[in-house]
Amino acid sequence: MSAVPRPGRLSTPATAEYWRAAADGHLLIQRCLHCGHKQLYPRTLCTRCWSAELGWQETVGTGSVRTFTVIEVPGHPAWREEAPYLIALVELDEGPCLLAGVLGSDPYRVAVGQRVRFVADSGGDPAGPLPFFARDEP
Ligand SMILES: [Zn+2]
């Protein structure tokens, strides 16, 4: 782990449940109790109908890579030792997308459409795990 601490999570009334579940190894999405729309990241209003009546739904934790990039020069020094690493926009099987790191041995071996699954991984961070994905490698 880097000697530079990672930036802290932004926990707000809208995100606290999301972060608590992620720390326990569960990936939640929000579901509008008015129109049924599913969304992620957590917000205070439904992005479809603007209702403030939102609930939580646990995902199965699987999805597909919609797009990706390999970070060779991190924007924060806490991740310098981990570069190069893979970041992907993952479309969850429930529909919403999540931008997250993808764990694996070779960050350059990825393709659009590749199947991934959610993992909570701290990487030695004392603040606890963050949402990542792992590739279903052949
Ligand atoms: Zn709605």
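Gly8 falls short on exactly one of the conditions (1) among the small types (Gly, Ala, Ser); (2) in contact (Cβ under 8 Å) with a residue 40 or more places away in the chain; (3) over 16 Å from Ala127 (Cα atoms), and that condition is (3). Exactly one residue out of Ala14, Ala21 is away from the ligand (no atom under 11 Å from the Cβ), more than 14 Å from Leu130 (Cα to Cα) and surrounded by 15 or more Cβ atoms within 10 Å (Cβ to Cβ): that is Ala14. Please specify each residue of region 72-86 satisfying the condition of being open to solvent by less than 40 Å² (accessible area, probe 1.4 Å) and either in contact (Cβ under 8 Å) with a residue 12 or more places away in the chain or of a type in the set (A, V, I, L, M, F, W, C) (or both). Within region 72-86, Ala78, Ala83, Leu86 meet the criteria. Only one entry of Ser51, Ser105, Ser64 meets the criterion of being surrounded by 13 or more Cβ atoms within 10 Å (Cβ to Cβ) and not assigned by TED's automatic domain parsing to the domain that holds Leu28, and that entry is Ser64. Per the listing Leu89, Leu33, the residue uniquely within 16 Å of the ligand (Cβ to nearest atom), open to solvent by 40 Å² or more (accessible area, probe 1.4 Å) and in contact with a strand residue (DSSP E or B) (Cβ under 7 Å, 6 or more places away or on another chain) is Leu33.
Filtered by the rule that a residue be under 16 Å from Leu99 (Cβ atoms) and either within 14 Å of the ligand (Cβ to nearest atom) or of a type in the set (Lys, Arg) (or both), region 48-71 gives a lone residue, Arg66. Residue by residue through region 66-82, note down the ones that are within 19 Å of Ala111 (Cα to Cα) and of a type in the set (A, V, I, L, M). Val70, Ile71, listed by residue number.
Look at (1) more than 22 Å from Gly123 (Cα to Cα); (2) of a type in the set (Ser, Thr, Tyr); (3) surrounded by 13 or more Cβ atoms within 10 Å (Cβ to Cβ) and you find that Thr44 fails only one, number (3). Note on region 119-131: residues that are open to solvent by less than 30 Å² (accessible area, probe 1.4 Å) and in contact with a Pro (Cβ under 9 Å, 6 or more places away or on another chain) total 1. Contact map, region 15-39: residues that are outside any helix (DSSP H, G or I) paired with residues that are away from the ligand (no atom under 16 Å from the Cβ) and charged (D, E, K, R), Cβ distance under 8 Å, separation 6+ or inter-chain. Pairs shown: Thr15/Arg9; His26/Glu58; Leu27/Glu58; Leu28/Glu17; Leu28/Glu58.
The values are calculated or read from the model by the stated rules, or taken from the named source; none is laboratory data. Remember, predicted model here, so these are calculated numbers, not experimental data. Heads up, the Cβs are rebuilt from the backbone with ideal geometry, glycines too, and the neighbour counts pull from every protein chain shown. SASA here: full protein model, heavy atoms, side chains in, ligands and nucleic acids out. Shrake-Rupley method; radii C 1.70, N 1.55, O 1.52, S 1.80 Å.
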